[in-house]
1. Distance between Cα centroids, region 642-680 to region 181-234: provide it in whole Å.
2. If packing is taken as the mean number of other Cβ atoms within 10 Å per residue, what is the order of 54-62, 629-637, highest first?
3. Helix-derived [θ] at 222 nm for the chain: sum -39500 (n - 2.57) over DSSP H runs of at least 4, divide by residue count, nearest 500?
4. Pairing the Cα long axis of helix 315-327 with the longest principal axis of the chain, what angle in degrees results, from 0 to 90 and rounded to the nearest 10?
5. Report D for region 467-588 in µm² per second (integer): Stokes-Einstein, Kirkwood Rh on Cα pairs, 25 °C, 0.890 mPa s.
6. Put +1 on the Cβ of every Lys and Arg and -1 on every Asp and Glu Cβ in the chain; which of G83, Y585, Y546 then has its Cα farthest towards the positive end of the dipole?
7. For E390 and T303 in one chain, what is 0.36 nm times their gap in residues minus the Cα-Cα distance, to one decimal in nm?
8. Report, in whole Å, the centroid distance computed from the Cα atoms of region 309-370 and region 532-598.
Amino acid sequence: MQDAYSRRNFLKLSAALLAGGAAIAGSGTRAEAIGHVAGPAQRVFEIKGYCPFCQVRCTYKARVQGGRIVSLTGDADNYWTGGAMCPKGMSMVELVNSPYRITEPMYHEANGSWRRISYREAVGMVADRMKDVVQRHGDKAGNRVAMTMPLWDCLESEVAALMALRTVGCVQALPPGETCVSTASNMLGDMLGVNSGTTQVDDICNARTLVLWGANVSDLYPPYTRWLAKTREQGVKIVYVDPRKTRTSMWCSQQLRPVPGTDGMLALGAIAYILNKGAYNEERARFQIEDFDNLKPQSASATMDKVASITGISEEELGTFYETLAASERTIVWLGGSLSRQSNGIGTVRSIILLQALRDNLIGQGKGMLTFQSGKPGGIDELVDHFFGENATPKLNFRRIRLAMEKGRLDILFLNSSYRRYPDARGVRKAIEKVPFVVHMGFFLDEESEVSTLFIPAAFGPESAGCGYGNENQLAWREQIVRAPGSCVPAWQFYRDVGRLVDPRRYPDFEGPEDICRMMQAHVPSWKGITMERLKASSTLVWPIYEQGAAERKGTVFSEGRLLTPSGKMRVQDRVFGGINRWTYPKGHPLGRKASKDFPLILLQGKQLWHWQQTLTNFTHSMGQFSNGRFVQVHPKTAAGLGLQEGDRVLLETAVGGLEALVEISENVRPDFVFTPANCCRTTPVRENCSPSICDILPNSWDRISAQHNGTGCRLRKI
């Protein structure tokens, strides 16, 4: 389909498809109550569910009347949220019944038009393509197929999808965290032996100091502000490191606002300060750091004056922060996803982890690391291997998958998440257009459907039972609340149906999510104590539980008093990633060595309270009422220097492109950078959220691990 695909066409096609769905499904085009028939009095039923949008995994009680969800109420029994929910979760009421929703499978003809097909025909088409890949490529077939994750209504959908890939020997399922926290996750795994948070959010109440290093809790995980409140009540000092003032700032006793991209130098300076002051236990430091003697020479250049010069933070502010770290015997650092989105993110995250080890703030109560978008329970790969055997094929990151697409080496792409999450999104789109068969499972005709061969209408979470996981490794069970309209199906059903057609001998025959949970319990040791009965009776249940009836694990993962790496230690000088003394500005940064004078401002993009990824909530008017669309936030000095006033329309430009935005003038940002929302959407009919993706103009300058980039140079031109 052409880029010029208009909103008028969108609305006309949406209306036509919905009308067609209504003709076939009758009243089924609107959600129907499960197991209940609405009587004359329109009885109200209350059914348990959970929000699918972020890793907090809020649970709720849905009120259903006349076959429709009329409201959601946060579950007060949820230990982690206390019954709180954010506006994104509440928007599920509108999303389930959205008039823009596509409810029937569609095939994308070569001329750009859509042809409606049956669900059975769609499943058969996918299975035939997968069989053809195997026939043509044999043992190499797995390298010709890939999947981007997630678009999962439950954990069981992920299991079903991964097993469907394995029917052709494929392991190339790209995790959602690749664009959120992949650098942090990989460095935590490499240095600590655990690739997610080492403790849980409630443990911050046991700390003396909490450092929110780029972790904008109030906007990204609003229900978790209850833990910030508890922490502050306990007298814990909360320090926030973020160049932008946000809602999170109000919880903190100190905020450091470094020049974007200089967090690594800030951490190096803290290491040098603590070493020079002798504010560490050398025996404990050596117990955790294998080549401890490398730490001092590698941080020696990070003098106070140099750190101040590079970060833009005064020496007085630095001294206060460093002294806090040096004196605190219980510190938890909460890493924000922004650190993984800088091309120098590896060194930054490694420096912060080494800082925690130096102060012996990793092992024990009130110590450790927290991250965003982590906490996925283990065991899924074990279950898949149980049915399909181990597969030692190396898993590729998106950069290599993109190269395979560009070279015509990918035959099938399951596009289950937005390609707009990757930098140089226009280039990514062109790469996807070279894949001969692209399957998009979604809800609306959005940018992903434009590049797809086949559209599969998905079921929203409330339309299927299932198990969801969250940031604390917690699992929540959801009953099916309403029926899905038309031919919409949960992802587990679609991938099961494909898998059974491709390889019925190995692909297990299951009826639904409960069966998969029971298979996990039967075949995965860490799930043995997670019975369906216990899961359904709990608001949430923390993985792992190795024995039936055993208590949930809480607190630090280092229960044996040592790191979980093979040696029980970490290294300053890593064989692959080198040392921490190679600090540089991010690629394309206006202060870097190869900076272009044409783009003097630093561009940062980030999530807003009302945006989730690049889809879904952009299609709700309930979220649109909060949104200012595509805006650029600039400091008054920046605005004055450019002759800009509040509300001016400007062109935000980088070296690879530009898009229009409205000016918002605020002292919440530093004079040297521009902030804009990450997750607007070009195809939404909700005007307030309508804008091309910011990744359209982010250059392809990635960290070696992460698939995202922040901190490139930009400029603003008044239109």
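1. Between the Cα centres of region 642-680 and region 181-234 lies a distance of 30 Å.
2. So the peptides 54-62, 629-637, ranked by packing, come out 54-62, 629-637.
3. Taken over the chain, the calculation gives -8500 deg cm²/dmol.
4. Tilt of helix 315-327: around 80 degrees.
5. D, rounded to a whole number, is 132 µm²/s.
6. The one lying farthest along the dipole's positive direction is Y585.
7. Going from the current span to full extension adds 26.3 nm.
8. Centre-to-centre (Cα) distance: 14 Å.
Bear in mind these aren't lab numbers, they're just calculated from the coordinates by the rules spelled out. Quantities reported herein were computed from a predicted structural model and do not represent experimental measurements. For neighbour counting, all protein chains shown are included, and Cβ atoms are generated from backbone atoms with ideal geometry for every residue, glycine included.
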